[in-house]
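Everything below concerns the one structure shown next.
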Amino acid sequence: MLDALLRLLRRRFSISMLLLLSILAGAFSTIAHAQDTAQQEAARRQAVLKALPQDAARRLFGQATTPSPHPAQVYGFYSKGCVAGAVELPADGDHWQVMRPSRNRAFGHPDLIAFIQKIATTAPAAADWPGLLVGDMGQPRGGPMLTGHASHQIGIDADIWLTPSPQKRLSKNERDNLSATNVVASDWNDVDPARWTSAHHRLLRHVASQPQVARLFVNPAIKRALCREASGNRAWLSKVRPAAGHNYHFHIRMHCPPGNAACRNQDPPPANDGCGADLDWWFSYEARNPKKTPPPPPLKLSDLPPQCSAVLNAP
């Protein structure tokens, strides 16, 4: 179970530190730098390419620049798979802007694209949220990413910044270099009251309440705030799972789309609201001082579902 495996993660981090993230369940990568600027990301990619084996799936999928010319189809699991016929989210919509465009990670299954557009359109009325700043989604053909994220491989994961979209259209340079808002306090025990708002709560509740959403990952301090503030029907809280990082953005994970037989869903989260002992653990000494484990070897194309070879090698 992801929720048990995530107990191996490190919670102390900053923008400049490497984050220790989940290996087995694939929610995140061993190293994530969501707020890296375009220059920092380019340097990181070059360093990774120099160190990666030639047959590493990260290298192969990370250098694909266009979707495969197939009907849309998801193959595999969130942390071990690919997506055929992916669609790119337009850089601008009436209620969204795509961030970090130089990464070329605004791709996903058509159901994900439609979902983000729907949430962007409904969020102003449902949550008093003026628009979405969309972070990393997936690569053009999915698969393991060259940098960051162990998941985001099958076109049904997306990161949404915890910064409301400004009224103006951001330039490409601004989108590649602006940092999102950290809504967690400096001691990591709770949200920062100067930055956390009721609109954040309403947005997360609105997204988690959608039936297409399997999980919504947030920083443990954000989960703590949601548990404290939620009233009425609390069923949506079961989908909101604490995870290391995620103080600048939240991570949407959708269910496998209908008709995608080769897509494998994650086990459902526990039915309770997740506001008890499991959440308390994230603030314990054990959680903040995990044992170090060596990283796994990089995935090869042969480790992925067999359909991913055709997805990768299509013209």
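The values are calculated or read from the model by the stated rules, or taken from the named source; none is laboratory data. For clarity, every value in this text was computed on a predicted model and none was experimentally measured. No Cβ is skipped: glycine too gets one built from the backbone with ideal geometry, and neighbour counts run over all protein chains shown. The area values use the complete protein model at the heavy-atom level, side chains included, leaving out ligands, DNA and RNA. Shrake-Rupley method; radii C 1.70, N 1.55, O 1.52, S 1.80 Å.
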Legend entry - Contacts under 6 angstrom Cβ, first residue in the stretch 76-89 being farther than 13 Å from Ala64 by Cα and open to solvent by 10 Å² or more (accessible area, probe 1.4 Å), partner in a strand (DSSP E or B) and modelled with pLDDT of 95 or more, 6 or more apart: Glu88/Phe107
Inset, instruction - Quick one: in the stretch 179-192, of everything that is out of contact with any strand residue (DSSP E or B) (no Cβ under 9 Å at 6 or more places or on another chain) and in contact (Cβ under 8 Å) with a residue 12 or more places away in the chain, which residue is surrounded by the most Cβ atoms within 10 Å (Cβ to Cβ)? - result: Asn182
Inset, instruction - Filter the stretch 231-240 for residues that are open to solvent by 10 Å² or more (accessible area, probe 1.4 Å) and either among the β-branched types (Val, Ile, Thr) or in contact with a helix residue (DSSP H, G or I) (Cβ under 7 Å, 6 or more places away or on another chain) (or both) and give the result. - result: Trp236, Lys239
Legend entry - Criterion (in a loop (DSSP other than H, G, I, E, B), among the basic types (Lys, Arg) and surrounded by 23 or more Cβ atoms within 10 Å (Cβ to Cβ)) met by exactly one of Arg195, Arg141: Arg141
Inset, instruction - Run down Ala127, Ala158 and say which single residue is in contact (Cβ under 8 Å) with a residue 12 or more places away in the chain and within 29 Å of Ala310 (Cα to Cα). - result: Ala158
Legend entry - Neighbours by Cβ (under 8 Å, 6+ apart or cross-chain): first from the stretch 44-71, free of Cβ contacts under 8 Å to residues at least 40 places away in the same chain; second crowded, with 16+ Cβ neighbours inside 10 Å: Pro71/Ala84; Pro71/Gly85
Legend entry - Residues satisfying the stated conditions in the stretch 298-314, i.e. in a loop (DSSP other than H, G, I, E, B) and either under 22 Å from the mean Cα position of the chain (by Cα) or hydroxyl-bearing (Ser, Thr, Tyr) (or both): Pro298, Leu299, Leu304, Pro305
Inset, instruction - Restrict the check to the stretch 103-126 and report whether at least one residue is over 30 Å from Ala230 (Cα atoms), among the aliphatic types (A, V, I, L, M), surrounded by fewer than 22 Cβ atoms within 10 Å (Cβ to Cβ) and touching a His at 6+ places or on another chain (Cβ under 6 Å). - result: no
Inset, instruction - With the checklist (1) more than 22 Å from Pro144 (Cα to Cα); (2) part of a strand (DSSP E or B); (3) over 17 Å from the mean Cα position of the chain (by Cα) in hand, flag the one item Thr122 doesn't pass. - result: (2)
Inset, instruction - Identify all residues within the stretch 79-110 that are under 17 Å from Pro144 (Cβ atoms) and assigned to a strand (DSSP E or B); write none if there are none. - result: Lys80, Gly81, Cys82, Val83, Ala84, Phe107, Gly108
Inset, instruction - May I ask you to list the residues in the stretch 216-230 that are surrounded by fewer than 22 Cβ atoms within 10 Å (Cβ to Cβ) and either touching a Gly at 6+ places or on another chain (Cβ under 6 Å) or closer than 11 Å to Trp282 by Cβ (or both)? - result: Arg224
Inset, instruction - Working only within the stretch 140-179, note down all residues that are among the hydrophobic types (A, V, I, L, M, F, W, C) and more than 14 Å from the chain's Cα centre (by Cα). - result: Leu146, Leu170, Leu178
